[in-house]
């Protein structure tokens, strides 16, 4: 383990995210684009056991007609391939179909795409070095423990704006 990924540091980081996510949710669900919504969105999902509705702020990167999200944490267990999920994306409510990617080669390729578009992601993904390189062995271990890259396929109906407008983001 590197000094940035020790268990104690990861636990502290999780507690900080839990505190920060509350106001983040509030800002990201506003019906207008905000500076934060350029790289963050809110995923609304239902707990697989509790049946409770959750709103999870997550980072994303646009990749053609899809969005990519690093899927660390338990929230990805509530996603079912092919089942539509509500997103709050740049002030708009959209429906997307999640595709959890757990294949090592494809996950590594998609992480490379994400890091090229947003190098700051390296600070939040424990198996990515400061230089943006992915530690393949640690990625394989993370995939074994439930990590995935979520590829979001935007549904063709958006509450505000056409799918192309939503995929492009705010003007």
How many of the residues in the range 135-159 are part of a loop (DSSP other than H, G, I, E, B) and either modelled with pLDDT of 50 or more or closer than 24 Å to residue 111 by Cβ (or both)? 4
Check whether at least one residue in the range 5-24 is under 14 Å from residue 100 (Cβ atoms) and modelled with pLDDT of 70 or more, and report yes or no. no
Scan the range 57-68 and give yes if some residue there is part of a loop (DSSP other than H, G, I, E, B), without any contact (Cβ under 8 Å) to a residue 24 or more places away in the chain, touching a helix residue (DSSP H, G or I) at 6+ places or on another chain (Cβ under 7 Å) and surrounded by fewer than 17 Cβ atoms within 10 Å (Cβ to Cβ), otherwise no. no
Being part of a loop (DSSP other than H, G, I, E, B) and touching a strand residue (DSSP E or B) at 6+ places or on another chain (Cβ under 9 Å) is the filter; apply it to the range 44-56 and report the residue that is modelled with the highest pLDDT. 52
Name the residues in the range 73-94 that are out of contact with any helix residue (DSSP H, G or I) (no Cβ under 7 Å at 6 or more places or on another chain) and crowded, with 19+ Cβ neighbours inside 10 Å, would you? 76, 78, 79, 85, 87
Filter result for residue 128 (surrounded by 14 or more Cβ atoms within 10 Å (Cβ to Cβ), at pLDDT 90 or above and under 24 Å from residue 155 (Cβ atoms)): no
Are any of the residues in the range 101-110 out of contact with any helix residue (DSSP H, G or I) (no Cβ under 8 Å at 6 or more places or on another chain), within 23 Å of residue 144 (Cα to Cα), surrounded by 20 or more Cβ atoms within 10 Å (Cβ to Cβ) and in contact (Cβ under 8 Å) with a residue 40 or more places away in the chain? yes
Filter pass, residue 136 being in contact with a helix residue (DSSP H, G or I) (Cβ under 8 Å, 6 or more places away or on another chain), without any contact (Cβ under 8 Å) to a residue 12 or more places away in the chain and over 28 Å from residue 33 (Cα atoms): no
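The values are calculated or read from the model by the stated rules, or taken from the named source; none is laboratory data. Note that the structure is a prediction, hence the values are computed from the model and not measured. Here Cβ is always computed from backbone atoms with ideal geometry, including for glycine, and neighbour counts include all displayed protein chains.
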